[in-house]
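Notes for the one structure printed next.
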Amino acid sequence: MLAFTIRRLFEALVVMLTVALLAFVLFRYVGDPVSQMVGQDTSLEDRTRLRLELGLDDPVYIQFARFVGNAVRFDFGISYQVKQPVTRLIAERMPATIELALAAALFAVALGIPMGVYTGIHRDSWLSKLFLTVSLIGISLPTFLIGILLIYIFAVWLNVLPSFGRGDTIPIGFWRTGLLTASGLKALVLPAITLGLFQMTLVTRLVRSEMLEVLRTDYIKFARARGLPERAINFGHALRNTLVPVITVIGLQLGSIIAFAIITETVFQWPGMGLMFIQAVQHADIPVMAAYLLLVAFLFVLINFIVDLIYVRIDPRIRILRRGA
Amino acid sequence: MKPRSAAIVGALALALSTAPAAAKTFRYAFQGDLNALDPYTLNETFTLGAIGNVMEGLTKRDKDLKIIPGLAERWEVIDPLTWRFHLRKGVKFHNGEDFTADDVLFSLARMRSPGSEIKSRAPADMKAVRIDDHTVDFILTSPNPILHAEWDTWYILSRKWAEANGATQAQAPSAVSLSPFALKANGTGPFEVVSHQPGVKTVFRPNPSWWGKVEHNLTEVIFQTIKSDSTRVAALLAGNIDMMDPVPVQDIDRVKSSPGTRALTGPELRTIFLNMDSFRGELLYSNIKGKNPFKDPRVRKAVYQAIDIDAIHTKIMRGMSANSALLISPLLFARASEFKRWPFDPAAAQKLLIEAGYPSGFEVEMDCPNDRYVNDEAICQAVVQMLARIGIKVKLNSMPKAKYFEKAGVAKKYDSSFNLLGWTPGSFDSWNVIENIIGCRNADGAGGLFNYGGYCNPKIKDLNKMILVETDAAKRNALIAEAFRINHDEAGVIPLHQQALVWGVSNKVDIVQRADNQILFYWVKMQ
């Protein structure tokens, strides 16, 4: 087990170094940070000096070595644009993204599982067809379009929810939460639905097909033969057996929810890390971009690692295979 | 009426009469961020405008951009090399300190500190001499008629506050440690900053002891960034904000037709123009080898006359632009009306190309930003089609501004043959335009940093040296007109238009739209 953990940690390190290297190669094509940092009246000499001070004239491998050297000490430099340490910026923006991602995941699970179960059991009812049509919309419409539609319906037309932002926030230690204020909760609704719709669709369809599969198995037939109530069969036996793959998928999707929050955050001006990243790209703010990409890579690696560990715990076959090898 | 119920009625009446006055919160949104509050670290209109509600310069500009007294109540030019400024007495900073000549001298030194982005506000060899607590002399080495043109955005900091907060130097753009003062502001202006979260939200409240005459009726101002165009429009229509800038051209009608909002439009100072590389001996990205067609004024004029500026005005800008024959807004140059555009005339353009020896045209690439100016990419696409009609085949490269300014600008040594650029002179004066846009430069940009085509006529440079020191307004304008005339005759740089300002405003709000696009809420009145 220990050897497995160490090996995975080493692999994680390789993944992150690769991501950092790829990011650095890409940074050569994002444009000139200096022209985005200075005003139009800045003299040529000042521009040249700035380029020199930032080390932008150094070869890429030197810039990369400098970045990695600082990153292992958790120093990601100062944002070109905001002129604050990147670590502090990320710490400020992360709570907004995490809260949004969790709300979106909760929405996806809370609606997706019941819808999946229902459509699995009542395959031909009109309600099932409605659910599947809705989920088709969720899977085929682009996120920004869903976001704008929701804004126009609920903010402009009905005027019941705010069109942008995070509402009022309350600091708990370093964490600024929007979950404890009325305006914060109201502001969370539309972005969470926008971000979670695709995942909800995924969960619905996954649970549905798993249910269809499981309902055909012998032990369900046997349970029916024993005269158990429908309710106990559907939820106690069938659903429980579908949950292992569902939990795995949701766990893995959490990483992509955080990573793909970029679009939702831009549409709703949600002050999270994704919005920060988009702004950094527009201004060629290399320190912020580098740190964000590394963080997302780390999140994916971490989630995968945890899923692997859970697998080893719940599936004895993997353990035995490892020991044999 | 019993005394008790009378008291209740009285209290109710009081509550009703004070409640509306108590809550006058003006909420506005802009597409960009407000980052550091140090007014010397970013020379950008929106930032300087936002800080301009909190901090003040020796001069100010009124609703029509005329220079008016600010922290200096008056000034006089004693001789062409000595300007005397009389400072306003009894002015206090937000933290209660008195404003004196010391603060002006300190702010001048700080404006020249290495990290400052606003060094161009005053000549480097100008000296400041303190005469007494409320009088400062500025000593020049050569006459300068527009010395104080940009002093409305050279904000005065308190020396004591800056020393106490470690803010004696402007934070350099490349600084490796955070300046704690970048999130705070201590000025003399009509508003103070309550809280500031860069990129998210900034809250202001009125300064109760401001020296000036209060023209607003606000109790609080909230600024937020809303980057996405459609969300910004939706937020205004939904009543979540009271004002926003800019309204995308395609949404103007929606903002106008909504019952609670209106679109406030006006001319902006920025001029959009086209640069052709007339610097290199051989044109890059072209099928012409060994020579450069754009070096020939006839070819440049052919490009000029092939452009149907009215089509751009009506189809692309939907009327939200003013066609321009000059590289500066007519609001900023008294003799602008003397200039007329070369007429749109494809046949004449074709003839010019034949005379120049390119009867079947040539191929070239054009670089264009797609997120910098109003409909920048669409303008470039239209230009490409219009030039195709006279045989110039243009391949368009559209790119984000960070990439564009790198390629077409000094960073890659003007690696571009044909491009679109916009310019507002910070000083609101023609000298700045002539120097930066049509001043001769070398390959590294020395001479005219934003002359993206490298167009050069030494006569213009000579004229501009005279413009810099000429103090007689009529003579000075004649020199400026002469310089612009040369560019016009040779079609060195081709002006297109001044784009329009479009603000979305709630009908509850009465606001002044200044042509420099600063959002100044000390002129906002709310119902």
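For region B:440-490, name all the residues that are among the aliphatic types (A, V, I, L, M) and over 25 Å from residue B:334 (Cβ atoms).
If the condition is that a residue be among the aliphatic types (A, V, I, L, M) and over 25 Å from residue B:334 (Cβ atoms), then B:443, B:446, B:449 are the ones that fit.
Please list, ordered by first then second residue, the pairs with beta carbon atoms under 8 Å, 6 or more apart or interchain, first in region A:1-18 and over 16 Å from residue A:71 (Cβ atoms), second in a helix (DSSP H, G or I) and open to solvent by 100 Å² or more (accessible area, probe 1.4 Å).
Short answer, once both residue conditions are applied: A:4/A:322.
Read through the list (1) within 27 Å of residue B:209 (Cα to Cα); (2) open to solvent by less than 20 Å² (accessible area, probe 1.4 Å); (3) part of a loop (DSSP other than H, G, I, E, B); (4) touching a Lys or Arg at 6+ places or on another chain (Cβ under 7 Å), then give the number of the only condition that residue B:156 fails.
(4)
Could you tell me whether region B:342-351 includes any residue that is surrounded by 15 or more Cβ atoms within 10 Å (Cβ to Cβ), modelled with pLDDT of 95 or more, over 23 Å from residue B:457 (Cβ atoms) and touching a Pro at 6+ places or on another chain (Cβ under 9 Å)?
yes
I want to confirm something. Restricting to region B:67-82 and keeping residues that are closer than 21 Å to residue B:187 by Cα and out of contact with any Leu (no Cβ under 6 Å at 6 or more places or on another chain), which single residue is most open to solvent (accessible area, probe 1.4 Å)?
Within region B:67-82, the match that is most open to solvent (accessible area, probe 1.4 Å) is B:74.
Just to check your reading of the model, which residue among A:266, A:248, A:242 is open to solvent by less than 20 Å² (accessible area, probe 1.4 Å), in a helix (DSSP H, G or I) and in the same structural domain as residue A:94 (by TED's automatic domain parsing)?
Just a single option satisfies the conditions, and that option is A:242.
Among the helices (runs of 4 or more DSSP H) contained in region A:61-167, which hold 3 or more residues that are within 14 Å of chain B (Cβ to nearest Cβ) and open to solvent by 30 Å² or more (accessible area, probe 1.4 Å)?
Because the criterion is at least 3 residues that are within 14 Å of chain B (Cβ to nearest Cβ) and open to solvent by 30 Å² or more (accessible area, probe 1.4 Å), the helices (runs of 4 or more DSSP H) in region A:61-167 that meet it are A:86-121, A:143-150.
Determine which single condition residue B:28 fails, assuming it passes every other condition in (1) in a strand (DSSP E or B); (2) of a type in the set (Ser, Thr, Tyr); (3) modelled with pLDDT under 90.
Residue B:28 satisfies all of (1) in a strand (DSSP E or B); (2) of a type in the set (Ser, Thr, Tyr); (3) modelled with pLDDT under 90 except (3).
Looking only at strands (runs of 3 or more DSSP E) that fall completely inside region B:173-254, which ones have 3 or more residues that are within 24 Å of residue A:169 (Cα to Cα)?
Strands (runs of 3 or more DSSP E) meeting the threshold: B:191-197, B:201-206, B:220-225.
Which one of these does residue B:433 not meet: (1) within 20 Å of the chain's Cα centre (by Cα); (2) closer than 24 Å to residue B:303 by Cα; (3) part of a strand (DSSP E or B); (4) at pLDDT 95 or above?
(3)
For residue B:514, state whether it is of a type in the set (Lys, Arg), out of contact with any His (no Cβ under 9 Å at 6 or more places or on another chain) and open to solvent by less than 10 Å² (accessible area, probe 1.4 Å).
It is true that residue B:514 is of a type in the set (Lys, Arg), out of contact with any His (no Cβ under 9 Å at 6 or more places or on another chain) and open to solvent by less than 10 Å² (accessible area, probe 1.4 Å).
Can you spot a residue in region B:428-447 that is assigned by TED's automatic domain parsing to the domain that holds residue B:297 and within 23 Å of residue B:248 (Cα to Cα)?
no
Just one of the numbered conditions (1) within 14 Å of chain A (Cβ to nearest Cβ); (2) open to solvent by 40 Å² or more (accessible area, probe 1.4 Å) is not true of residue B:258; which one?
(2)
Take the conditions open to solvent by less than 10 Å² (accessible area, probe 1.4 Å), assigned to a loop (DSSP other than H, G, I, E, B), in the same structural domain as residue B:168 (by TED's automatic domain parsing) and of a type outside the set (Val, Ile, Thr) and apply them to residue B:57. Does it pass?
Here the answer is yes, as residue B:57 does meet what is asked.
Inside region B:430-461, can you point out the residues that are in contact with a Pro (Cβ under 9 Å, 6 or more places away or on another chain) and of a type in the set (Phe, Trp, Tyr)?
Answer for region B:430-461, where residues must be in contact with a Pro (Cβ under 9 Å, 6 or more places away or on another chain) and of a type in the set (Phe, Trp, Tyr): just B:431.
I'd like the full set of residues that are within 11 Å of chain A (Cβ to nearest Cβ), out of contact with any helix residue (DSSP H, G or I) (no Cβ under 8 Å at 6 or more places or on another chain) and farther than 19 Å from residue B:501 by Cα, limited to region B:219-249.
Residues satisfying the conditions are B:222, B:224, B:239.
Can you tell me which residues in region B:314-329 are in a helix (DSSP H, G or I) and surrounded by fewer than 16 Cβ atoms within 10 Å (Cβ to Cβ)?
Of everything in region B:314-329, those that are in a helix (DSSP H, G or I) and surrounded by fewer than 16 Cβ atoms within 10 Å (Cβ to Cβ) turn out to be B:314, B:315.
Out of all the residues in region B:180-188, is one or more within 14 Å of chain A (Cβ to nearest Cβ) and touching an Asp or Glu at 6+ places or on another chain (Cβ under 7 Å)?
Scanning region B:180-188, I find at least one residue that is within 14 Å of chain A (Cβ to nearest Cβ) and touching an Asp or Glu at 6+ places or on another chain (Cβ under 7 Å), so the answer is yes.
Go through (1) away from chain A (no Cβ under 14 Å); (2) in contact (Cβ under 8 Å) with a residue 12 or more places away in the chain; (3) in a loop (DSSP other than H, G, I, E, B) for residue B:371 and report which single condition fails.
Residue B:371 satisfies all of (1) away from chain A (no Cβ under 14 Å); (2) in contact (Cβ under 8 Å) with a residue 12 or more places away in the chain; (3) in a loop (DSSP other than H, G, I, E, B) except (1).
Return the residues of region B:447-491 that are β-branched (Val, Ile, Thr) and part of a loop (DSSP other than H, G, I, E, B); say none if nothing qualifies.
B:471, the sole residue that qualifies.
The values are calculated or read from the model by the stated rules, or taken from the named source; none is laboratory data. None of the values given here were measured: they were computed from a predicted structure. We place every Cβ from the backbone using ideal geometry, glycine too, and count neighbours over all the protein chains shown. Note: areas computed on protein heavy atoms with side chains; ligands, DNA, RNA excluded. Shrake-Rupley method; radii C 1.70, N 1.55, O 1.52, S 1.80 Å.
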